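Worksheet: one structure, shown below.
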C-alpha cells in the first residue's frame, strides 16, 4: 500500500470506531460522502486491501494502441508541430482518417513538447478569514525566524518553531544557527519521535522546503530533501503563497521577539544550549497554558510511526544524493573517495547508481536496492608540487642580473649609415677623368 492509502486507512479506521463523522472524514480525504461510505464498507468486508483499486497495475482498456500513438506522434512532428491541438485533431481526421478528440491530441502534444498549456489567470488578490482546523495535529504551521534573541550578548540565531493551527499550541521549538536542511531535519525528527506524524505542514517557499529553480516549476518530479522526506513519511507539505497565509506562526514570532527576548535577558541566558533548555522546560509550558485554545474536535490526528518507519528514521532525515560506481568500485562524495568492499549484501556492478546518505550525525551510508554497502575511506592523494622537479633539484633560484650595455655599444648606434659630404677639388676630379680615360 502507498503512503496515501495508509493515511486513508487511518482516517477510515477512526470513522469505523466512530471517533469522527463521515462528513469530517470526507473533508479530510477530500472525497465525497458517498465515496467515504463505499470505502468504509470495503474495508469492513475485505480489510485494508479494500482500499486498493482493482485496476491498480493494469493498463487502461481505453488506451490508444501503441502503433496508432506512434503514427500520431510522427505526423505531429512532421506536419503539425506548430498547430494548436484542436486544429491538429481536425487535420488528422481530415487527411489521415485518425479520429481522436482534441483533448487526447493536446495531451500527446504536451508530452512531446509541441504545446505549452497557457497558465490560467487567477482571481484578483483577495484575502478572507480562514477558520481554524478542527483537530489537533491536522495542520502545523512551521517557520524559522532570524533575530538577535540574546541582544548584544550573542550572535544572531534562528528560532525554528511549529504551532498547531487548531489550538494555537506550540508543541516544539528550538534555536539553531540557520534554517538549513540539517537543522530542519533535526527539528522534525525530534518532533515526530515524541508527538507522531502530523497530517500536514504549512510553510513558506524557502529553498529548504521548495525548490526555487525555474526547472522545478516545469518538472514536478524535482524535489528538495525536505519534500522527499515528507513524502516518505506520508506528510503533506503545503506551500503558502504569502506571509499572511500562515499568519498564525508569523504572529507568534512577533510575540516571541518581544516576550522571549526579555525572558532570556532576565534569566541571564546567552548560549544556545541554555536557551533550548529554557524553552522546553520553562517558557513553552507557561506560554501554551496562556494562549492555547480548545479545538472544535477532541480527536488527535497525529499518526504513530510504524515499526519500519522507526528503523528508517535516520535514513529518512538525511541528505541523499545519487552517485555512480566507477570501474574500480570507488565513488566520490564531497571531495572524498570511498572504496567499496569485495563482499556486499547485494550484487554490485560497475557504473551502477547508488544513493549516498549524509545523516544528521555526520556519518555517510551508501545504499543500493535497499541494502547498505560496506566501504573504506580512500586516503587523499598527495598534492602535486607547484615547482617542476628539475628546477626543484637545482636549489633555490637566484635572481637573474641583466647587464646594461655601454653608451658606445653597437646596439646604441643608429641603424642607418650617415653619409659624409664629398670634397669637390680639382685634383680629385682630374684623377677621376684620368681613371675613366684609362678604362
Can residue 331 be described as surrounded by 10 or more Cβ atoms within 10 Å (Cβ to Cβ), outside the structural domain of residue 186 (by TED's automatic domain parsing), modelled with pLDDT of 90 or more and not in a loop (DSSP other than H, G, I, E, B)? yes
Could you grab me the full set of residues in region 246-269 that are surrounded by fewer than 14 Cβ atoms within 10 Å (Cβ to Cβ) and assigned to a helix (DSSP H, G or I)? 251, 254, 255, 258, 259, 262, 266, 267
Residue 113 - would you say it is in a loop (DSSP other than H, G, I, E, B), at positive phi, over 28 Å from the mean Cα position of the chain (by Cα) and surrounded by fewer than 20 Cβ atoms within 10 Å (Cβ to Cβ)? no
Single condition residue 71 does not satisfy, out of (1) in contact with a helix residue (DSSP H, G or I) (Cβ under 7 Å, 6 or more places away or on another chain); (2) at pLDDT 90 or above: (1)
Looking at region 221-240, is at least one residue modelled with pLDDT under 90, assigned by TED's automatic domain parsing to the domain that holds residue 179 and farther than 27 Å from residue 303 by Cα? no
Taking helices (runs of 4 or more DSSP H) that do not extend beyond region 1-99, which have at least 2 residues that are under 29 Å from residue 109 (Cβ atoms)? 66-78, 85-96
From the list 44, 69, 59, 27, pick out the single residue that is free of Cβ contacts under 8 Å to residues at least 12 places away in the same chain and more than 24 Å from residue 236 (Cβ to Cβ). 59
Hey, any hits in region 270-280 for a residue that's assigned to a loop (DSSP other than H, G, I, E, B), in the same structural domain as residue 188 (by TED's automatic domain parsing) and either under 34 Å from the mean Cα position of the chain (by Cα) or surrounded by 11 or more Cβ atoms within 10 Å (Cβ to Cβ) (or both)? yes
Going through region 125-167 in order, the residues found to be in a loop (DSSP other than H, G, I, E, B) and exposed (fewer than 12 other Cβ atoms within 10 Å of the Cβ) are 125, 126, 127, 128, 129, 130, 131, 155, 156
Quick check: anything in region 377-393 surrounded by 10 or more Cβ atoms within 10 Å (Cβ to Cβ) and modelled with pLDDT of 60 or more? yes
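The values are calculated or read from the model by the stated rules, or taken from the named source; none is laboratory data. Fair warning: this is a prediction, and the values are worked out from it, not measured in the lab. Quick reminder, even Gly has a Cβ in these numbers, built from the backbone with ideal geometry, and neighbours come from all protein chains shown.
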